[in-house]
Structure formats: C-alpha cells, structure tokens
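Down below is the structure, laid out as structure tokens.
Read-outs: derived from the displayed coordinates by stated rules, not from any lab. Since we're looking at a predicted model, the values are computed, not measured. When we count neighbours, we look across all protein chains shown, and the Cβ atoms used for this are built from the backbone with ideal geometry, even at glycine.
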Amino acid sequence: MPGKINYERMLNPAQLSAVMANEGPLLVIAGAGSGKTRTLVYRVARLVEKGVSPQNILLLTFTRKAAGEMLERASGLADERCKNVSGGTFHSLAHRVLRAHADSLGFSREFTVLDRSDMEELLQSLAREMHVERKSIRFPNRSTLANILSKAANLQKDVKSLVKSEYEHFLEYVPQITTLAQLYVNYKRENQLMDYDDLILFLRDLLAQSEEVRERLSRQYRYIMVDEYQDTNAIQAEIVKWLGHTHQNVMVVGDDSQSIYSFRGANYKNMFDFPRLFPQVKIIKLEENYRSTQPILNFTNALMDQALEKYTKCLFTRRGDGEVPRVVDTRTEPEQAMFVCRFIKDQLQQGRSIRDFAVLFRAAYHSFELELELAREGIPFVKYGGFKFAESAHIKDLLAHLRVVVNKGDTVSWGRILRLVKNIGQRKSQAIIQWLKQEKAAPWEVAQWPGAAKGDDGLKRLSGLLGVVSTQGLAPEKAVKAAIDYYEPILKNKFDDFPRREKDLEQLALIASRYKKLRPFLDDLILEPPTSVADIDPRFGADRLTLSTVHSAKGLEWPVVFIIWAMDGYFPSTRANSSVHDIEEERRLMYVAATRAKDQLIICYPGEEVPRVWHMAREGGLCSFIRALPQGVTVHDSRGYVPPRKEAGWRVNAEAVQHYYKNRTPTGLRLGDRVRHPAFGDGVISSIAGGEKVEVLFRDFGRKLLHLGYTSLEKV
DNA sequence: CATCACGCTGTTTTT
DNA sequence: CAGCGTGATG
C-alpha cells in the first residue's frame, strides 16, 4: 500500500504550486525536460488521493501511449484507481462522444471513421468523376488534396483563401477544388462517414449547440488536464473551453518552443490565448531542466536565441558538466550511416546499452540508408513514425472485408474489396455498389449481382467470406483468420514480397485476439494504431536501438541522441509551392530533437549531398542554422569512423543523376548485368529508369523494383 | 473492360 | 518509394 506522498520533497516550488492548485484554470508553461509529465502525474495522484473519483478526471494527451504511461506512473504513486482516469487523444474523446450522440447532428451512431488513406481514396474517386480539365500544371494529387482540405478545415478557412496563402501554384484550380470539397462533404454525410477532422469539428459543434451534452460532459469530467497544449488548434481550444465552462477546472501544459504541428493548424499562440478563454487563470512557469547536461542546454538555448519570435523561457540545469554537443559533417548519406553505426558500436564496446541510443530525423525516409547499414552491421532497431502498419495496402485490404460487414454503407471499403476480385475493376465495382444500395442487399448477397459472368466464382467466394464474418458473435480474431484464408491467394498474386506481408497479417490476428467485438477493434486501428512492431509484439521492445521521427519522439528521452539532418529541408521562398518555408518551425523541430538528449548529443548532416529532387534546397534554409553554428558545439568530421570513400559517383547526386540519367546507374550498373542482392540472391537487371530505379529479374523472387536498395546490388 | 508495362513526378510530420 | 496516367495487350 503506497504511503502518503511527500509532495514537498518530490517537487520543486513551481511544480508544487501547479500540483496543489486544484480548483480553477491553470496554464503551465513548461520548458523541455522541466518535469511536465511529472507534474501531471503528481496532480492526478493528488486528486485521487484527495478523494476525487478517477472517472471525473480527464487527461488529454497526444498519444494513447503517453496517457497510459502517465496513468501507470500515477498508480505507482497513489493507488491503482488512477488507471481508471479517462485518458486519450482529442480524437478518441470525440469518437467516444460522437458514438453516443451523433444522432443529434443528423448522423447515424453507426458512422464509419475514415483514416487518411480512405480520405484520399474518396477524394480521388470524386475528382475523377469531375473530369477536371488539365491546365498548365497538373491537378493536385490525392495527398495534396487531402492536405488542402484538412488544413482548411482545421484553420476554419475556405478553400480559396487557404490555397491563396499556402498553395499559390494551384490557384487556377480553386473552383474545381472548391467543388470537390463540397462533393466530399456531401458524400460523407450521405454515407455516414467521418474523417479525422470531422471528429474534432463535430465534437465542437455538438458542444456548442447542445446544452445537454455540454452539461453531461462537464459533470462527468470535473477535472481536465491537457498535455502538449502548444500543439492544439483553435477548434480544439474551443472544445477545451466548452468542456471546462461550468467548473473552470482546466489545467493545460505546454511549451511554445516545441510547437511542431502547424501543418494541422496548430499554433503555439493558442497557448497565450488561453487566459482569454479562462480569465481567472493562474500561470506557472517551469524553467529548471532535469534532463540534460548544461552543455546541451547551452546549445539548445543558443538555438532558440536565433528564433525570430523570442520567448521568455531560458532553461537551466544543475547537471553541470558533460560532453559538448558535436556537429559532424559526414559528407554523404552512406558515410553518415556508417558514422552512426561505428560510433554506436564503439560505445557498445565500452559497455553502454543499446537502449541508451536514439537516432532522430525529420521524415521517415531519411533513415532508409541508415537502416540498410544497421542491418548489414547486425544492430537491431525499432522504428517509430512514418509508415503506419494499419495503413499498408495489405492490412487495409484485409480490414476492408470486415468493415463492410460492420457498416455495409462503407462504399470506400466496398470498392476496395470488389476490385480485388478477378476481372472486376473500377467500372464493375461501382456498378455493384450501386446495385447493393438499390436492392438494400445484405453484404453476403453480393454474389447475386446480375452482371456477374457465368462460371466466374470470384464474387461467390467473396460472399462466402462475408457470410462467415457476418455470423453473429464471431470474434474479431476468427473474423481476421477467415479473411486471411480468403485473401491469401490474392495477396500472393498482388505482391511479390508476400512472406513479409503474410507475417503482418498474423500480427493483425494477434491484435484482434485482444478484442471481443469487431467494431472496437476496427475503430482502434484507426484512432489508436500501433506505432511500431514493438507495440504489437512486446518481445521487440527490449535491447534495440530506437529510430524515430522527431514528431514521434516527443516526450521521450535517451542518454545518447543522434540527429541526422537531411539536406532536402525546407527551402526558401524562391519556390512558389513552398507552403512551409518556415525555418522557424524547422528550428523548433531541431530544438525538440536536441532536448531529448540527456548526456550526449551528436548532430550529423551530409554536407556534400545534393538533394536528389529539390536541387534548390542546398543554398536555402536547410542547415542554415546548423551552419551558423550556435556557440557551445564542437565541429568534427567523421574521420576515424568512416572508411576512405569509394570512387566518385558511387552514390546518387544531382550531377550523377543527370549524367547517367537513362542508361545506367551511378553505381555503374547497366541493362542486362548479372547481379547479386544480399537478400534476394541472383538476378539480371531488366530495366533502369530515371537514373534512380532499377528493376531486377531475380531467379527466386521474380521481378522486383529496387530503389534505394539497389546500392547493395553487387555485379557478378 | 480489365490488366500490364512504362515513364514521369514528387515535401514532410500525425490523429 | 509509390502513385499516376498512358498506351498496348488480353
């Protein structure tokens, strides 16, 4: 039985006042590593200790993982009941509320949640129906369309003004995009679909218009805490306002210099608007850093000194001396990968644990080269961020079969599974969907579609599966397994790397086994997707190096942090479509990354690397703030860690791309060359495209398109 | 009509 | 690396 907590001993005065001030609004401005989580944890513990029922506490965080960890810690301090605190993301809260109240917005409670790729797919098919005429440039592709509509929704702007301010090069398509946006909204309403943005928007609308819902939530959540408040947008702020409007017991915690979500409408200025929403607010600043050594803080302080918008915080620590951060120009990307590997191996030999390290980067693909090198060197790693398990094509394919059973109006999933049936493409799938709707047919009756060709049993097989899945009481695990049986032959036909994908399907069955019902399983995969294999299979967590995007590394810390800063960063305004020539945000990104380090910080960048596609980046923003070296770092080259370079041109760079453009690769491979690949074995080069892609006909694996991976091809 | 091969293009980050 | 459009093929 945990004893009474000694708050005075465990917290500094600022933290203590945040923990003890339990009635009324509270804004905590907390620098990196200043014990923000600690403060939240102690506050939860204290509320529970004081007798507040855990169900009356709401903890909004950015990821479910963060919420879970906090509640776990709070339970350790006070008691087990802390685990019953409601925690989660804005989206999961919205989802929970809307499942209960969507009808008062004219929606069915059985609505389906669209994830990002569903949204894009829908937009694309609507755009196709519009037959947009091609003008001087191409119509934006589906992911750009989704970006535009999503950001317009989050900023509550109309399409026109958003495109004007951030996508100027698409100005000529404004009428078409506006029409598309309207079609999209209508379609979602007709088919009971909501995307991520709708969840937030509708929750806001619901709170704004329904006194009853407002009262109910306000009564249920008597104490509200919001983490990472600098990453919320205006709509989310409004939600917070409504949730707290009767009792005012709202505590928000954030750090303006860690705001890195402007792409979804977040603005750190929201933090300073908080006092306007809650005039009686008490403001507390946490400036003492408990994480990093002073040399690391000297660097991060100097970094933020360059910022145009000056902030008031300045972090200090009592962790006096330590190693000065290093900045290393590794010249090229492969050398960078070698440098990181050798450096880590070196330190492992000196007795450090592999778990002490993390490598951080801006975009998921920036670590590809490193991943190859790690694999060659036999260093195990887990990667967070970027590519999502639940969004890979084979997982989406499989889940779509279950989704149509849960919501037979989910036309996006219908289209997906129908097109997987042999001899059914765009045209027929749409016809079948029409027919299903008209006849009000049950999912498994799809085989009765009159247009089916005789002797073609594809639809029959599909309807067989849907019948099985629809069986009352079928557990998610069994449903997934039935779907795997059905889908396996399709998988083998569709993908040439099916062994890997087959394993993913097994993982999916493993996840499914944790659920009793189909719908929560499917909803969770969209709203709380596993972020890496480590989440699915606990064996993966231990004794591995962490690779992570900066965004996914928020709130975490490691003794040794590498930052690999690619040269294709934000470029200056010379380019019309540069929607984010926001060096300021890139600087904050670097700040977030650097403040993850406890003892040692190593920043590397491939100084000679010319960006492959965006040739202008080099002179631009990119490493301008690395180049204008802030005080308090030492500059190295990678000597001692990287073997002498191979001959010039062994690796793609801009000149090489131009020079070798069509007929051979920069590694000197030509059409018809016999090659050996470490994983796929022997093969022959069957085509070379764009100077960057190589197609190989492998003896054992058939045709494969290799991109980055082709540098590991060996001529034989 | 569906499917395949080919060449071209491209900011990214998450719920 | 993946998606898209295109033109040829089944």
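Before moving on, here are some points about what is shown:
- Long-range HN-HN contacts of A:VAL226 with modeled amide H, under 5 Å: A:LEU60, A:MET251, A:VAL252, A:VAL253
- Each residue of the range A:300-306 is assigned a 3J(HN,Hα), and the resulting list reads 5, 4, 5, 4, 6, 4, 6 Hz, derived from the Karplus form 6.51 cos²θ - 1.76 cosθ + 1.60 (θ = phi - 60°), x at Gly and Pro.
- Amide H within-cut-off set for A:LYS383, under 5 Å, with H built and near neighbours excluded: A:VAL533, A:LEU547
- For the peptides A:165-171, A:249-255, A:435-441, A:95-101, the ranking by packing is A:249-255, A:95-101, A:165-171, A:435-441, with the highest mean count of neighbouring Cβ atoms within 10 Å listed first.
- Restricting the range A:344-405 to GluC sites (Glu not before Pro) that sit in a DSSP loop and have at most 13 other Cβ atoms within 10 Å of their own Cβ leaves nothing.
- Proximal charge balance of A:THR61 [Cβ under 12 Å; K/R count +1, D/E count -1]: -1
- Exposure proxy for A:CYS82, A:CYS341, A:CYS314: other Cβ atoms within 10 Å of each Cβ, ordered fewest to most, give A:CYS314, A:CYS341, A:CYS82.
- Computed 3J(HN,Hα) for the range A:229-246, one whole-Hz value per residue from the Karplus formula 6.51 cos²θ - 1.76 cosθ + 1.60 where θ = phi - 60°, is 5, 5, 9, 8, 10, 4, 5, 5, 4, 5, 4, 4, 4, 5, 4, x, 6, 8, glycine and proline marked x.
- Exposure proxy ranking, count of Cβ atoms within 10 Å, fewest first, for A:ASP524, A:ASP103: A:ASP103, A:ASP524
- Residues A:VAL174, A:VAL340 arranged by fewest to most Cβ contacts within 10 Å: A:VAL174, A:VAL340
- Taking amide H atoms as placed 1.01 Å from N in the peptide plane, the amide H of A:VAL675 lies under 5 Å from those of A:GLY683, A:VAL684, A:ILE685, A:VAL716, each 5 or more residues away in sequence or on another chain.
- HN-Hα J in Hz across the range A:144-149 - Karplus 6.51, -1.76, 1.60, θ = phi - 60°, x for Gly and Pro: 5, 4, 4, 4, 4, 5
- Trypsin sites (Lys or Arg not before Pro) within the range A:243-348, DSSP loop, no more than 14 other Cβ atoms inside 10 Å: A:LYS310, A:ARG318
- Loop-resident GluC sites (Glu not before Pro) (DSSP state other than H, G, I, E or B) in the range A:65-164 with no more than 15 further Cβ atoms inside 10 Å of their Cβ: A:GLU110, A:GLU133.
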